[in-house]
1. Name the single residue, out of those in the stretch 201-233 being of a type in the set (A, V, I, L, M, F, W, C) and in contact with a Ser or Thr (Cβ under 7 Å, 6 or more places away or on another chain), that is surrounded by the most Cβ atoms within 10 Å (Cβ to Cβ).
2. Among the residues of the stretch 239-253, is any under 27 Å from P157 (Cβ atoms), without any contact (Cβ under 8 Å) to a residue 40 or more places away in the chain and not in a helix (DSSP H, G or I)?
3. Within the stretch 83-101, can you find the residues that are closer than 26 Å to D4 by Cα and either hydroxyl-bearing (S, T, Y) or touching a helix residue (DSSP H, G or I) at 6+ places or on another chain (Cβ under 7 Å) (or both)?
4. Based on this model, can you work out whether E85 counts as surrounded by 14 or more Cβ atoms within 10 Å (Cβ to Cβ), without any contact (Cβ under 8 Å) to a residue 40 or more places away in the chain and out of contact with any Lys or Arg (no Cβ under 7 Å at 6 or more places or on another chain)?
5. Would you point out which residue out of L196, L160, L226, L173 is modelled with pLDDT of 95 or more and over 18 Å from the mean Cα position of the chain (by Cα)?
6. Got a number for residues in the stretch 12-29 being in contact (Cβ under 8 Å) with a residue 24 or more places away in the chain and either in contact with a strand residue (DSSP E or B) (Cβ under 7 Å, 6 or more places away or on another chain) or assigned to a loop (DSSP other than H, G, I, E, B) (or both)?
7. Please pick out the residue among L91, L40, L66 that is touching a residue at least 24 places away in the same chain (Cβ under 8 Å), assigned to a helix (DSSP H, G or I) and touching a Pro at 6+ places or on another chain (Cβ under 7 Å).
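The values are calculated or read from the model by the stated rules, or taken from the named source; none is laboratory data. Worth saying up front: this structure is predicted, and the values here are computed from it rather than measured. Cβ: placed from backbone, ideal geometry, glycine included. Neighbour counts: every protein chain shown.
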Amino acid sequence: MIIDSHVHFWEFDPVRDAWITEEMSAIRRDFSPDDFSLFLNENQIKGCIAVQADQSDEETKFLVSLAKENSFIKGVVGWIDLTSEKLEESLQNYQSEKLIKGFRHIAEGEETCFLLQENVLEGISKLHQFDYTFDILLRQDQLSDAVKLSEILPDQPFILDHCGKPDLKTNDLKDWKSNISELAQNPNIYCKVSGLLTQGNWNSIDEKSIFETLDFIFLQFGIKRLVFGSDWPVMLLGGNYALWLKIVSKYVSQFSKIEQELFYSGNAVKFYKL
């Protein structure tokens, strides 16, 4: 059984979704649950987590509505204004929406130290009070922020998206490895094995570099804190769903059946309380 911990859905808007540039033509269109459902039986996928791709309350409501209409969407990682004076009120209101499991801010698009700003930190600190997780999305050069964040809020359940986005184009991973090692020391931090198809050259998948990245990630976090994800449909820029599953399946074949079940679904169920 597979639960894909990182899937996006959107109705493409060229203004709102300006981050999807012309060179990303493969994903400059709508992506719906109907599109994703094609993978379910074909790849033994039993469910997914829908993750925000837009910074708005409307995005969270949109994903919740999709989850209510499609039972294979097991949970939602939405967006919320972490700096709002009404944050606690909003979090309280969301308590009735059991499909919302956590929140994310696209911090990779912000200046370094964004997550460490006092008002942002105060906002993230409130998530734990309401039993919500927080997805950390940062570039490789911002990862030291995640280390500091985890030190300041050690009890907050965090999950690192896309293995911390290692630069597989240059393979200059010294700082990435150092920060990943520090992050992994906190038992409340999980890591998504996702998004690696777009971290290298989109036109030439380097399986060797991906496997070396996974070697390090699995060594640091261990099988019980690693979660399978795809980053569909963004991953289409560097390959396709079948290719990613093939690469990951080949790598995790070294683990026992029980360990593979943890990686493919059990750890996601535990972290997101599915």
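1. We begin by selecting, within the stretch 201-233, every residue of a type in the set (A, V, I, L, M, F, W, C); these are 202, 205, 210-211, 214, 216-219, 221, 223, 226-228, 232.
Checking the rest, the ones that are also in contact with a Ser or Thr (Cβ under 7 Å, 6 or more places away or on another chain) come to 227-228.
On the way: V227: 28, F228: 25.
The extreme case among them is V227.
2. First pass over the stretch 239-253, keeping only residues under 27 Å from P157 (Cβ atoms): 244-245, 248, 251-252.
Then keep just the ones that are without any contact (Cβ under 8 Å) to a residue 40 or more places away in the chain; that gives 252.
Still in the running and not in a helix (DSSP H, G or I): none.
Within the stretch 239-253, not a single residue is under 27 Å from P157 (Cβ atoms), without any contact (Cβ under 8 Å) to a residue 40 or more places away in the chain and not in a helix (DSSP H, G or I).
3. Kept after step one, since they are closer than 26 Å to D4 by Cα, are these residues of the stretch 83-101: 91, 94-101.
Passing the criteria: L91, Y94, S96, E97, L99, I100, K101.
4. Details: surrounded by 14 or more Cβ atoms within 10 Å (Cβ to Cβ): no; without any contact (Cβ under 8 Å) to a residue 40 or more places away in the chain: yes; out of contact with any Lys or Arg (no Cβ under 7 Å at 6 or more places or on another chain): yes.
So E85 does not fit the description; no.
5. On the way: L196 fails: over 18 Å from the mean Cα position of the chain (by Cα); L160 fails: over 18 Å from the mean Cα position of the chain (by Cα); L226 fails: over 18 Å from the mean Cα position of the chain (by Cα).
Just a single option satisfies the conditions, and that option is L173.
6. Here is the first cut: in the stretch 12-29, the residues in contact (Cβ under 8 Å) with a residue 24 or more places away in the chain are 16-17, 19, 24, 26-27.
After this cut, where a residue has to be either in contact with a strand residue (DSSP E or B) (Cβ under 7 Å, 6 or more places away or on another chain) or assigned to a loop (DSSP other than H, G, I, E, B) (or both) as well, the list is 16-17, 19.
Matching residues across the stretch 12-29 total 3.
7. Working: L91 fails: touching a Pro at 6+ places or on another chain (Cβ under 7 Å); L40 fails: touching a Pro at 6+ places or on another chain (Cβ under 7 Å).
Only one candidate qualifies: L66.
Condition check ((1) under 19 Å from V269 (Cα atoms); (2) part of a loop (DSSP other than H, G, I, E, B)) across all residues:
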residue	(1), (2)
E151	no, no
D167	no, yes
T170	no, yes
K177	no, no
I180	no, no
Y190	yes, no
N201	no, yes
F211	no, no
L214	no, no
